[in-house]
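A short write-up of the structure that comes next.
The values are calculated or read from the model by the stated rules, or taken from the named source; none is laboratory data. It should be emphasised that the depicted structure is a prediction, and the values quoted were computed from it without experimental measurement. Please note: Cβ atoms are built from the backbone with ideal geometry, for glycine as well, and neighbour counts cover all protein chains shown. The area values use the complete protein model at the heavy-atom level, side chains included, leaving out ligands, DNA and RNA. Shrake-Rupley method; radii C 1.70, N 1.55, O 1.52, S 1.80 Å.
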Amino acid sequence: MPRVAIVTDTDSSLPLSISQPLDIIQVPIVINFNHESYAAVHEIDDAQVFARIDQYGKLPTTAAPSPGKFAEAFAQAFQAGADSVLCFCVSSEVSATYGAALTARELTPHLDITVIDTRSLSMAFGFMVLEAAEAIQTGATKEEAIARAIAVGERTHLFAALSTLKYLAMSGRVSQAAAGFASVLSVKPILTIRNGKLDLLERVRTQSKAFERVIELAAQTTNGKSIQRMSIVHVNALESAHAFEAQLRKNLTYPPDVLFAELTPGLSIHSGAGLVGVCFVTGD
């Protein structure tokens, strides 16, 4: 049977400890601090990013991987014995990553490479990547793996709470005055994925109410369906993530194995430190 290799980008939020045993190749988003560039996940993590942000009082910029980096990943897959490549990319609504992967594919039109715009981000598309990789390992064809991944994507939901608007203010996404006012009122935005973007769903007061509301939204979304996979995503807030998961466990039934994952720098610099959220896949 033809061997299918899986390629993705680091905005999938997949820990390397999960992706590497499954032979998933992760092409890194680029994090730029002035004249220094780092490969997200491979060279810099959320904690290191926010240590630098707090030190210098300035956000770095991000850049999509170049077509050349995707071409290298595709070449690596074929050199390792793959007959075809299946590449999942973060939503084209938030990054030029998908376009870069398409350009890389066009450089080698004789090779069997399929590039998919997941229209999602973080573990909401990380779970799609995992589903495809696991399908391939159990003998699925590329077309079957794609179908399974898309089906998982349609049943995946993400809700997250921001702890501060400080970093959104630094990025210019909200004004400094609005961020300061919200801080005084302890306003905590609730985020979800909508139209391929991480979008503001509503606002609540205090961190405890934010966690309660995220749990309510998760329970409403499951609507009696089982939960097949669960991940707690966070930005430099592992202790809060564990406290949230303990609270979540009291209100929802889900598998014992929960994946704790960093949002990763390509996304986290836009949300800010302290974000905690839940991403889950419901049953059919």
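Here is a yes/no grid of residues against (1) open to solvent by 10 Å² or more (accessible area, probe 1.4 Å); (2) modelled with pLDDT under 95; (3) closer than 22 Å to Ile25 by Cα:
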residue: Ser84; (1), (2), (3): no, no, yes
residue: Cys87; (1), (2), (3): no, no, yes
residue: Thr103; (1), (2), (3): yes, no, yes
residue: Thr108; (1), (2), (3): yes, yes, yes
residue: Phe125; (1), (2), (3): no, no, yes
residue: Ala132; (1), (2), (3): no, no, yes
residue: Arg155; (1), (2), (3): yes, no, no
residue: Val174; (1), (2), (3): yes, yes, no
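Is region 54-63 home to any residue that is within 15 Å of the chain's Cα centre (by Cα), assigned to a helix (DSSP H, G or I) and either under 16 Å from Ala96 (Cβ atoms) or at pLDDT below 95 (or both)? Before you say what the answer is, go through the steps one by one.
Step one: of region 54-63, the residues within 15 Å of the chain's Cα centre (by Cα) are 62.
Checking the rest, the ones that are also assigned to a helix (DSSP H, G or I) come to none.
No, region 54-63 contains no residue that is within 15 Å of the chain's Cα centre (by Cα), assigned to a helix (DSSP H, G or I) and either under 16 Å from Ala96 (Cβ atoms) or at pLDDT below 95 (or both).
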Among the residues that make up region 238-258, is at least one of them within 24 Å of Tyr98 (Cα to Cα) and either open to solvent by 50 Å² or more (accessible area, probe 1.4 Å) or of a type in the set (Ser, Thr, Tyr) (or both)?
no
Is there any pair linking a residue in region 224-241 that is under 13 Å from Asp284 (Cβ atoms) to one that is open to solvent by 80 Å² or more (accessible area, probe 1.4 Å), with Cβ under 8 Å and at least six apart or on different chains, and which?
Ser226/Thr253; Ile227/Thr253
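Filter region 185-208 for residues that are outside any strand (DSSP E or B) and more than 17 Å from His234 (Cα to Cα); which is least open to solvent (accessible area, probe 1.4 Å)?
This residue is Gly196.
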For Ala124, indicate whether it is on the phi < 0 side of the Ramachandran plot and part of a loop (DSSP other than H, G, I, E, B).
no
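Out of the residues in region 231-284 meeting the condition of being part of a loop (DSSP other than H, G, I, E, B) and among the aliphatic types (A, V, I, L, M), tell me which one is farthest from the chain's Cα centre (by Cα). Walk me through how you get there before you give the answer.
First, pick out the residues of region 231-284 that are part of a loop (DSSP other than H, G, I, E, B): 235-237, 250-258, 263-264, 272-275, 283-284.
Add one more test, that the residue is among the aliphatic types (A, V, I, L, M), and what stays is 235, 237, 252, 258, 263, 273, 275.
On the way: Val235: 11, Ala237: 16, Leu252: 22, Val258: 16, Leu263: 6, Ala273: 15, Leu275: 13 Å.
Looking at residues that are part of a loop (DSSP other than H, G, I, E, B) and among the aliphatic types (A, V, I, L, M), I get Leu252.
I'd like the full set of residues that are charged (D, E, K, R) and more than 17 Å from the chain's Cα centre (by Cα), limited to region 104-123.
Initial filter on region 104-123 (charged (D, E, K, R)): 105-106, 112, 117, 119.
Of everything in region 104-123, those that are charged (D, E, K, R) and more than 17 Å from the chain's Cα centre (by Cα) turn out to be Arg105, Glu106, Asp112.
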Return the residues of region 184-201 that are at pLDDT 50 or above and more than 24 Å from Ser12 (Cα to Cα); say none if nothing qualifies.
Ser186, Val187, Lys188
For region 73-88, state whether one or more residues are free of Cβ contacts under 8 Å to residues at least 40 places away in the same chain and within 22 Å of Leu16 (Cβ to Cβ).
yes
Does Ala51 satisfy the criteria of being at pLDDT below 95, surrounded by fewer than 16 Cβ atoms within 10 Å (Cβ to Cβ), among the small types (Gly, Ala, Ser) and in a helix (DSSP H, G or I)?
yes
Which residues, taken from region 4-18, are touching a strand residue (DSSP E or B) at 6+ places or on another chain (Cβ under 8 Å) and either free of Cβ contacts under 8 Å to residues at least 60 places away in the same chain or open to solvent by 40 Å² or more (accessible area, probe 1.4 Å) (or both)?
Leu16, Ile18
Please count how many residues of region 19-48 are under 20 Å from Phe260 (Cβ atoms) and surrounded by fewer than 20 Cβ atoms within 10 Å (Cβ to Cβ).
7
Can you report the number of residues in region 87-110 which are assigned to a loop (DSSP other than H, G, I, E, B) and small (Gly, Ala, Ser)?
4
